[in-house]
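This report concerns only the one structure given below.
The values are calculated or read from the model by the stated rules, or taken from the named source; none is laboratory data. Computed from a predicted model, the values in this text were never measured in an experiment. Neighbour counts are summed over all protein chains in view; Cβ atoms, including those assigned to glycine, are modelled from backbone coordinates with ideal geometry. In case anyone asks, the SASA skips ligands and DNA or RNA and just uses the protein heavy atoms, side chains included. Shrake-Rupley method; radii C 1.70, N 1.55, O 1.52, S 1.80 Å.
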Amino acid sequence: MKKQYIVLFISLLAISLMVTACSGSKSESGASDDKKVLRVGATGQSYPNSYKEGDKLVGFDVEVIETIADRLGYTIEWTNSDFSGLMGQLETGKIDTIANAVAVTDERKEKFLFTEPYSYAGVTIVTHVDNTDINTLDDLKGKTVSGVLGSNNVKNLQKFDVNGEIKIRTYENRDGAQNDVLNKRVDGYVNARSSLLAEIKKKNLPLKFVGDPFLYEDIAFPFVKNEDNEALIKQINAEIQKLREDGTLKEISVKYYGEDITTRTE
């Protein structure tokens, strides 16, 4: 009987040790292994906001949110999808925010909370340099303009074209929309001026601007409305302000755009 008690005691001790070893609640240094994770979406096809260099996701918006996350002690878990898909994932809670030049609009503010703006976008249109018939926005009447499905650039163009005189053709990503204006399958392409400038400069694209931007927008990080995100947004806003004050935000902008898009230029 005594032998049986000894065996039972040893078995219980072994189980206890296994449970402790598997719990993983503390590291060797005594610190918690729990990590703060921020799930962020980006298209990975939006130069210079978010794009791939090999397998690495880079870009202005990517570096801004990564810098903020690092300062706040978060690890980022990236999700890549087309823009409309990202907005759907944000709304259903599959991701926490989007780092891909998301414009702040009244419609979006009904669904989401936004951080303070970290950049500003002038919405404009480009056409092929060979297209000598299009030099002003009025010249686009009866013409076809490409844009990204679900993007605010397309929605703003629809609002600007109050009489529906411009035909709008949408694509899942910027590459498709831009390639069609380059190949003269459409007459124009709508996007943010800063992004277009960077793209034209990088690839020496044969595109020209059609007049000045017809609208300027605030760019910020969107979050689903809840108390936890309200607290997180306050922390992010504080970091955006620090990045603005110490010049880091401007530095990241110049790195990717060749100019400062973090202040209004209207």
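Here ASP133 meets the list (1) farther than 21 Å from ARG39 by Cα; (2) among the acidic types (Asp, Glu); (3) in contact (Cβ under 8 Å) with a residue 40 or more places away in the chain almost entirely, failing just condition (3). Taking the stated definitions as given, is SER146 in contact with a helix residue (DSSP H, G or I) (Cβ under 7 Å, 6 or more places away or on another chain) and closer than 19 Å to GLY59 by Cβ? For SER146, the condition - in contact with a helix residue (DSSP H, G or I) (Cβ under 7 Å, 6 or more places away or on another chain) and closer than 19 Å to GLY59 by Cβ - is not met. Take GLU66 and tell me if it is closer than 24 Å to TYR120 by Cβ, surrounded by fewer than 22 Cβ atoms within 10 Å (Cβ to Cβ) and of a type outside the set (Lys, Arg). Yes; evaluated as a whole, the condition is true for this residue. Counting only strands (runs of 3 or more DSSP E) that sit wholly inside the range 156-266, those with at least 3 residues that are modelled with pLDDT of 95 or more are 167-171, 188-192, 207-209, 222-224.
For the range 207-242, the tally of residues that are within 29 Å of LYS36 (Cβ to Cβ) and touching a Phe, Trp or Tyr at 6+ places or on another chain (Cβ under 8 Å) stands at 13.
When the range 156-172 is limited to residues that are in contact (Cβ under 8 Å) with a residue 40 or more places away in the chain and surrounded by fewer than 18 Cβ atoms within 10 Å (Cβ to Cβ), the one that is nearest to ILE98 (Cα to Cα) turns out to be GLU172. Residues of the range 80-105 that are in contact with a Phe, Trp or Tyr (Cβ under 6 Å, 6 or more places away or on another chain) and open to solvent by less than 10 Å² (accessible area, probe 1.4 Å): THR97 alone.
Here is a yes/no grid of residues against (1) under 19 Å from LYS109 (Cα atoms); (2) polar (S, T, N, Q); (3) in contact with a strand residue (DSSP E or B) (Cβ under 9 Å, 6 or more places away or on another chain):
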{"residue": "ILE168", "(1), (2), (3)": "no, no, yes"}
{"residue": "ALA198", "(1), (2), (3)": "no, no, no"}
{"residue": "ALA220", "(1), (2), (3)": "yes, no, yes"}
{"residue": "ALA231", "(1), (2), (3)": "yes, no, no"}
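Among the residues making up the range 247-259, a single one is surrounded by 16 or more Cβ atoms within 10 Å (Cβ to Cβ) and of a type in the set (D, E, K, R): LYS250. For the residues ALA101, ALA69, the requirement of being on the phi > 0 side of the Ramachandran plot and of a type in the set (A, V, I, L, M, F, W, C) singles out ALA101.
Results for (1) under 30 Å from VAL186 (Cα atoms); (2) surrounded by 12 or more Cβ atoms within 10 Å (Cβ to Cβ); (3) hydroxyl-bearing (Ser, Thr, Tyr), shown as yes or no for each residue.
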position	(1), (2), (3)
LEU207	yes, yes, no
GLY211	yes, yes, no
PHE214	yes, yes, no
ASP218	yes, yes, no
PHE223	no, yes, no
ASP228	no, no, no
LEU232	no, yes, no
ALA238	no, yes, no
GLN241	no, yes, no
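Among residues of the range 123-154 being assigned to a loop (DSSP other than H, G, I, E, B) and hydrophobic (A, V, I, L, M, F, W, C), the one that is farthest from ILE261 (Cα to Cα) is ILE134.
Filtered by the rule that a residue be in a loop (DSSP other than H, G, I, E, B) and open to solvent by 20 Å² or more (accessible area, probe 1.4 Å), the range 106-122 gives GLU110, LYS111, GLU116, PRO117.
Considering only residues that are without any contact (Cβ under 8 Å) to a residue 60 or more places away in the chain, closer than 13 Å to TYR189 by Cα and open to solvent by 60 Å² or more (accessible area, probe 1.4 Å), which ones fall in the range 136-154? Listed by number, the list holds a single entry, LYS143.
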